[in-house]
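**Student:** Handing you a structure now.
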Amino acid sequence: MKVPCVVRVGTSNNFNCTDREFAQLDGFAAEHPDHRFFVNSNAKTPKLLALANHPYKAVVTVNPDLVPDPRLTERSLALGRLGSVSFLRVKWLPHHADIEQLLDKALAVAPVVVTMQRFNSHATMERFEVDKACYALECARFRLHGAALKYLHAFVSSRRGVFICDRKGLGCLGCGLCATLNGAKGAEIKSLNLSASGVCPYNCADCYAKAMQKFRAAFGQTLIAYDRIMKNKKQSGQTKHIQNARREAA
């Protein structure tokens, strides 16, 4: 059966694997039996392994705080061995051998999608001992570029089963990995943030979702659009960075 839509649950928060969240997600799945739901979580989630008792696959960020943590790595790998992940997500920093090693460990149990860490400021880059020369300021964020970007492309291309999130910079419409790695290549990709999950309890470095929530709060808006299946700006190609990339590709 063709899957018309793949829904990533928890794009603006974190799926914490609580009974209340599973119950709410079960309700959405029953209401939309033709959709395929998978959950967005990270290795710090205490109840992460509860996913093995439910039908939903997950994308799990193995190094949410950028620096690999052996305990969190093992928790992610354990879930992968149980067959409960669509893919594992690794945040990438240039010239960090520990992250390259982490990627290979993750790849041993599941497909891996690399997210190129983007920074809001030099201060955060200094905190993680990142060479500023590897980054260029574009659309208000420091993004990997030049030789460091080429190295990442070569590193990923040398390994089967490793991908880069939005490699072409064209947004979800030009990427499609969330659909492909959930067995529904070509399906639309949408988001769902459960009210049962609430605001994400974690504070990852220069988190885009948290930045947007602060922006919304400044204008008196709700922090997250809860309990609605919809496309976010990246999924609909509305961000300035994506629009610039589309013009360059045309």
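**Student:** Total Lys pairs in region 148-222 closer than 24 Å by alpha-carbon, pairs eight or more apart in sequence or interchain only?
**Tutor:** 5
**Student:** Moving on to the next point. What are the GluC sites (Glu not before Pro) within region 74-156 that DSSP puts in a loop, where the Cβ has at most 14 other Cβ atoms within 10 Å?
**Tutor:** Glu129
**Student:** A further question on this structure: Please turn the phi angles of region 130-140 into ³J(HN,Hα) values with the Karplus equation 6.51 cos²θ - 1.76 cosθ + 1.60 (θ = phi - 60°), one per residue in order, whole Hz, x for glycine and proline.
**Tutor:** Taking θ as phi minus 60°, the curve returns 9, 6, 4, 5, 7, 10, 10, 7, 8, 6, 6 Hz for region 130-140.
**Student:** I'd like the Karplus ³J(HN,Hα) series for region 221-233: coefficients 6.51, -1.76, 1.60, θ = phi - 60°, whole numbers in Hz, and an x wherever there's a Gly or Pro.
**Tutor:** Using θ = phi - 60°, the values come out as 9, 5, 5, 9, 7, 8, 6, 10, 7, 7, 8, 7, 5 Hz.
**Student:** List, largest first, the extents of the alpha carbons of the chain along their principal axes, each in whole Å.
**Tutor:** Between the extreme Cα coordinates on each principal axis of the chain lie 49, 41, 34 Å.
**Student:** If contacts are Cα pairs under 8 angstrom and at least 6 residues apart, what is the relative contact order of the chain in percent? Display every interim value, and only then the final one.
**Tutor:** Values: 421 pairs, mean separation 54.1, N = 250.
The normalised contact order for the chain reaches 22 percent.
**Student:** Work out from phi, with θ = phi - 60° and the Karplus expression 6.51 cos²θ - 1.76 cosθ + 1.60, the ³J(HN,Hα) of each residue of region 192-202, listed in order in whole Hz, and give x for Gly and Pro.
**Tutor:** Values per residue, Gly and Pro as x: 8, 10, 7, 5, 5, 7, x, 6, 4, x, 9 Hz.
**Student:** With a 10 Å cut-off between alpha carbons and a GNM built on the chain, which of Ala209, Ala196, Ala217 moves the most?
**Tutor:** Answer for the Gaussian network model of the chain: Ala217.
**Student:** Quick check: pseudo-label points 7 Å beyond the Cα along Cα→Cβ at Lys185 and Asp104, how many nm apart are they?
**Tutor:** 2.9 nm
**Student:** 5 Å is the cut-off here: which amide hydrogens, built 1.01 Å from N in the peptide plane, fall below it relative to Phe37, excluding neighbours closer than 5 in sequence?
**Tutor:** Val7
**Student:** Report, in deg cm²/dmol and to the nearest 500, the calculated mean residue ellipticity at 222 nm for the chain, where each DSSP H run with n ≥ 4 adds -39500 (n - 2.57) and the sum is divided by the residue count.
**Tutor:** So the calculated ellipticity at 222 nm is -9500 deg cm²/dmol.
**Student:** Per q in 0.14, 0.15, 0.16 Å⁻¹, report the Debye log10 I(q)/I(0) for region 1-148, using one uniform scatterer on each alpha carbon and no solvent.
**Tutor:** Debye intensities relative to I(0), on a log10 scale: -0.74, -0.82, -0.90.
**Student:** Net charge around Gly80, counting only other residues with Cβ within less than 11 Å of its Cβ (Lys, Arg = +1; Asp, Glu = -1)? Mind dumping the intermediate values first?
**Tutor:** Details: positive: Lys57, Arg75, Arg81, Lys105; negative: Glu74.
Neighbour charge sum, excluding Gly80 itself: +3.
**Student:** Can you list residues from other chains, or at least 5 along the same chain, whose modelled amide H is less than 5 Å from the amide H of Val85?
**Tutor:** When sequence neighbours closer than 5 places are left aside, the close amide H contacts are Ala58.
**Student:** To continue, here is another question. Could you work out the pair-distance distribution P(r) of region 196-237 from its alpha-carbon pairs, with 10 angstrom bin width and percents rounded to whole numbers?
**Tutor:** Per 10 Å bin, starting at zero, the Cα-Cα P(r) for region 196-237 comes out as 24, 54, 22 percent.
**Student:** Another question about this same structure. Quick one: among Ala133, Ala148, Ala110, which has the greatest mean-square fluctuation in a GNM of the chain with alpha-carbon springs under 10 angstrom?
**Tutor:** Ala133
**Student:** A follow-up question, please. Quick one: net charge of Lys44's neighbours, Cβ under 10 Å, K/R +1, D/E -1? Intermediate results must be reported in sequence, preceding the final value.
**Tutor:** Values: positive: Arg71, Arg75; negative: Asp65, Asp69.
It works out to a net charge of 0.
**Student:** If you take every DSSP beta bridge fully contained in the chain, what fraction is antiparallel? Give it as a percent rounded to 5.
**Tutor:** On the way: 6 of 33 bridges.
Antiparallel: roughly 20 percent of the beta bridges in the chain.
**Student:** Also, quick follow-up: Of the residues Ser236, Ser41, Ser158, which exhibits the maximal mean-square fluctuation in a Gaussian network model of the chain defined by a 10 Å Cα contact cut-off?
**Tutor:** Answer for the Gaussian network model of the chain: Ser158.
**Student:** Restricted to Cα positions, what overall size does region 105-250 have along the principal axes? Three whole-Å values, descending.
**Tutor:** Cα spread of region 105-250 along its principal axes, largest to smallest: 44, 40, 37 Å.
**Student:** For Asp206, list long-range residues whose amide hydrogen, built 1.01 Å from N in the peptide plane, is under 5 Å from its own amide hydrogen.
**Tutor:** Those lying under 5 Å, H to H, from Asp206: there are none.
Just so you know, all these numbers are worked out from the coordinates, no wet-lab data involved. All figures in this text were calculated on a predicted structure; none of them were measured in a lab. Glycine also receives a Cβ, built like all others from the backbone with ideal geometry; neighbour counts cover every protein chain displayed.
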